[in-house]
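**Q** Below are the structure tokens for one structure; questions will follow.
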Amino acid sequence: MRIGTFVLAAQFPGQGPGEALHRAVRSAEAAEESGLDSVWLAEHHFVPYGVCPSATTLAALLLGRTRRIRVGTAVSVLPNHHPVALGEQAALLHLTSGGRFSLGVGRGGPWVDLEVFGGGLDAYENGFPEGLELLLDWLREPRVAGRGERFGFREVAVVPRADELLDGAAEAAGTSGPEVIVACTSPKSVRLAAGRALPMLLGMHCGDEEKAEMVALWRTAAREAGHPPEVVEGAAHVSAGVAQIADGPGDATETLVKTMPGWLRQGLDAHVTVDARHRVMRDPVAYTELLCALHPVGPPKLAADRLAATAERTGITRFALLVEGSGDLAATEENVRRLGADVLPLLT
């Protein structure tokens, strides 16, 4: 079982972005100190739901401040980035960290980001497969040309090469290039990831049954694409969730129900669609209660049991857990510490 944290740099009501980012950095440092496996960093633009606009930049800072823990993006929003620029950043972080960087990518949403960064609605609705293919070429080939509808350019050399990790580091990392993970929210994205044998990141709004169905679909599609059984069965998917540890049976839930709805209401309501399409925001209280029911929220034994149950039902043994739901720095650090000290030993 590989337990990591999911860092949104959430800006709670009454807080500034500096406070949210400081808490994000400290929670990541605490994750390494507590013996956790990884830190996954979200990227958002123009909303207080999460105030980290560049997951790769924050990853660079954290890789420099840590020595053991894996740092990944969850996710870098591909329609807002040129795949070559993102590939260059991923290769740089992979090489300079000794193979501790994972690149998670996703399609994002139909937000005004697409207008600001110039991708446009078509990049969101149709351009993700082309962008992903170009990104993978950049991370795997010595020379690359853009031959798609959106990205067209002459063949150029890939510098630095992502597969040029030093021998000792490559052996320790178990890979010659950075791990690439795809955020999947639909059968179409599951099949896209499976066709390239890329592991999935599955969202914290999904329950075990839905995640199990997506894993089963991924395996079927991966086999149909001709990937060998060991690749299909060994795919290291990641399950996102929420974690809050407390001794009393209802204390952890009470903490999150007091704090998270205000953040969710403020953060989700700030999203602006690029094309004025109608959207319905989840009820913040009901959504918080759902997350508390699905994920490791409660005493250590309950938390461990829920993680073990998810692993048994879905086959997923990697977790990215939101730990900043209290909105408080000291409480977040203590939450991370308890994940490492009180929950992790129950899973080994």
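**Q** Out of Leu347, Leu339, Leu302, report the one residue that is open to solvent by 50 Å² or more (accessible area, probe 1.4 Å), modelled with pLDDT of 95 or more and hydrophobic (A, V, I, L, M, F, W, C).
**A** The conditions single out Leu302.
**Q** Condition first: touching a Ser or Thr at 6+ places or on another chain (Cβ under 6 Å), more than 24 Å from Val51 (Cα to Cα) and modelled with pLDDT of 95 or more. Can you find one or more residues in the range 227-246 that meet it?
**A** no
**Q** Taking only the range 187-207 into account, find how many residues are in contact with a Ser or Thr (Cβ under 9 Å, 6 or more places away or on another chain) and open to solvent by less than 10 Å² (accessible area, probe 1.4 Å).
**A** 4
**Q** So Glu254 ticks every box in (1) open to solvent by 70 Å² or more (accessible area, probe 1.4 Å); (2) over 30 Å from Pro199 (Cα atoms); (3) outside any helix (DSSP H, G or I) but one. Which box is left unticked?
**A** (3)
**Q** If you don't mind, another one. Can you pull out every residue in the range 208-230 that is closer than 28 Å to Arg282 by Cβ, buried (at least 16 other Cβ atoms within 10 Å of the Cβ) and not acidic (Asp, Glu)?
**A** The answer is Lys211, Ala212, Met214, Val215, Leu217, Trp218.
**Q** Test each condition in (1) open to solvent by less than 70 Å² (accessible area, probe 1.4 Å); (2) more than 22 Å from the chain's Cα centre (by Cα); (3) closer than 28 Å to Asp122 by Cβ for Leu268 and report the one that comes out false.
**A** For Leu268, the failing item is (2).
**Q** Considering only residues of the range 309-323 that are touching a strand residue (DSSP E or B) at 6+ places or on another chain (Cβ under 7 Å) and in a loop (DSSP other than H, G, I, E, B), which is most open to solvent (accessible area, probe 1.4 Å)?
**A** Ranking the qualifying residues of the range 309-323, first place goes to Thr317.
**Q** Report whether or not Glu130 is in a loop (DSSP other than H, G, I, E, B) and either surrounded by fewer than 18 Cβ atoms within 10 Å (Cβ to Cβ) or among the charged types (D, E, K, R) (or both).
**A** No; evaluated as a whole, the condition is false for this residue.
**Q** Tell me which residues, restricted to the range 104-123, are closer than 13 Å to Ala183 by Cβ, touching a residue at least 60 places away in the same chain (Cβ under 8 Å) and not aliphatic (A, V, I, L, M).
**A** Gly104, Gly106, Arg107, Gly109
The values are calculated or read from the model by the stated rules, or taken from the named source; none is laboratory data. Just so it is clear, the structure is predicted and the values come from calculations on it, not from any experiment. Cβ sites come from the backbone with ideal geometry, for glycine too, and all protein chains shown count toward neighbours. For accessibility, only protein heavy atoms count, side chains too; no ligands or nucleic acids. Shrake-Rupley method; radii C 1.70, N 1.55, O 1.52, S 1.80 Å.
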